[in-house]
Amino acid sequence: VTDSDSVRTGRAALARRGIDLGHKQTLRIVNAVGQRAVQQRDLWLKNALEQPASSAGALRGKRIVVAIDGGRIRQRAEIGGRRSEETGHHRYDAPWREPKLFCIYVIDNDGNIEDTFRPVYDGTMENCDGAFDRLTGYLKALGAHEAKALVFLGDGAKWIWDAMDTLIARVGILKTRVRQVVDWYHAVEVLGEVADARAHWPKGERAGWLKKAKKALHAGDIRGLMLLFDELAIGRRAGKVNKHRDYFIGNESRMQYASFA
């Protein structure tokens, strides 16, 4: 942490009580507390991974949703060398990185989020193995192996689904209680990209095509969806359409939305 709205807001709150720690001292406290919290979290997860899954966890008998996604963030990396005479700081680069993020929450029989369990949010800059180690620790500690149902939501990224069987085995939950779902938002977003392959639509036809495509998708009718793709895969735009076919065909079992509901 170097500077943020939350730090400024915190300083303003302290100032109203007559306390001014100064910007640098505030940052030192924030960073120290954050580092200590991460150390405690990592130790707790390490113990959870090494020990048998909890039989008294908060997720026992619950319907659990685990949403997993990759993000996109710049990470500051100092280049080294002499400090800038103008700013007094070292030069740095800020390459793009992909944090792995997840959220664990509980739903009722109607699919609504239950407020009896506070959602767990976490993430890491590690690779997918590190992310799934962390997720496994949470699920074991919270008793997910005794859950009524466990739903995994993702955007269709291969790294998520390739690791699923190993995660299920490590947590110790029966496969019959697990569902893998490509979340609706991402699936519809890809349909929008397919529609964009056609640059010029007569008025109202794009919306009509998307309506039919979403109806087929919701029904889990991937074959019917591919017939709609065929309508667009003509001439030079065929390549732009066809590159998305495998996304839907390969995830057909994860796109049975009517059945899931």
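The values are calculated or read from the model by the stated rules, or taken from the named source; none is laboratory data. Being a predicted model, the structure only gives us computed values, none of them experimental. Here Cβ is always computed from backbone atoms with ideal geometry, including for glycine, and neighbour counts include all displayed protein chains. Surface accessibility is based on the protein's heavy atoms, side chains included, excluding ligands, DNA and RNA. Shrake-Rupley method; radii C 1.70, N 1.55, O 1.52, S 1.80 Å.
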Being open to solvent by less than 70 Å² (accessible area, probe 1.4 Å) and touching a helix residue (DSSP H, G or I) at 6+ places or on another chain (Cβ under 8 Å) narrows 184, 161 down to just 161
**Asked** Out of all the residues in region 122-142, is one or more within 30 Å of residue 215 (Cα to Cα) and open to solvent by less than 20 Å² (accessible area, probe 1.4 Å)?
**Response** no
By residue number, the members of region 201-220 that are touching a Leu at 6+ places or on another chain (Cβ under 9 Å), more than 13 Å from residue 187 (Cβ to Cβ) and not hydrophobic (A, V, I, L, M, F, W, C) are 212
Exception for residue 177 within (1) open to solvent by less than 50 Å² (accessible area, probe 1.4 Å); (2) in contact with a strand residue (DSSP E or B) (Cβ under 6 Å, 6 or more places away or on another chain) falls at (1)
The correct count of residues that are of a type outside the set (Val, Ile, Thr), open to solvent by 60 Å² or more (accessible area, probe 1.4 Å) and over 28 Å from residue 50 (Cα atoms) in region 96-121 is 6
Residue 193 fails exactly one of (1) in a helix (DSSP H, G or I); (2) more than 30 Å from residue 241 (Cα to Cα); (3) not hydroxyl-bearing (Ser, Thr, Tyr), namely (2)
Per the filter on region 82-104, residues out of contact with any Gly (no Cβ under 7 Å at 6 or more places or on another chain) and either among the aliphatic types (A, V, I, L, M) or touching a residue at least 60 places away in the same chain (Cβ under 8 Å) (or both) are 94, 104
Just one listed residue, out of 150, 191, is free of Cβ contacts under 8 Å to residues at least 60 places away in the same chain and either open to solvent by 30 Å² or more (accessible area, probe 1.4 Å) or under 27 Å from the mean Cα position of the chain (by Cα) (or both), and it is 191
Among 46, 62, the single one that is in contact (Cβ under 8 Å) with a residue 24 or more places away in the chain, farther than 19 Å from residue 150 by Cα and not acidic (Asp, Glu) is 46
In the set 41, 17, 60, the lone residue that is within 30 Å of residue 169 (Cβ to Cβ) and either assigned to a loop (DSSP other than H, G, I, E, B) or among the aromatic types (Phe, Trp, Tyr) (or both) is 60
When residue 49 is run through (1) touching a Ser or Thr at 6+ places or on another chain (Cβ under 7 Å); (2) within 18 Å of residue 121 (Cβ to Cβ), the failure sits at (2)
Picked from region 74-93 (must be open to solvent by less than 80 Å² (accessible area, probe 1.4 Å) and either in contact with a Pro (Cβ under 6 Å, 6 or more places away or on another chain) or part of a strand (DSSP E or B) (or both)), the residue nearest to residue 115 (Cα to Cα) is 77
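Output the residues belonging to region 9-41 that are of a type in the set (Lys, Arg), under 25 Å from residue 124 (Cα atoms) and open to solvent by 60 Å² or more (accessible area, probe 1.4 Å).
Hits for region 9-41 are 28, 36.
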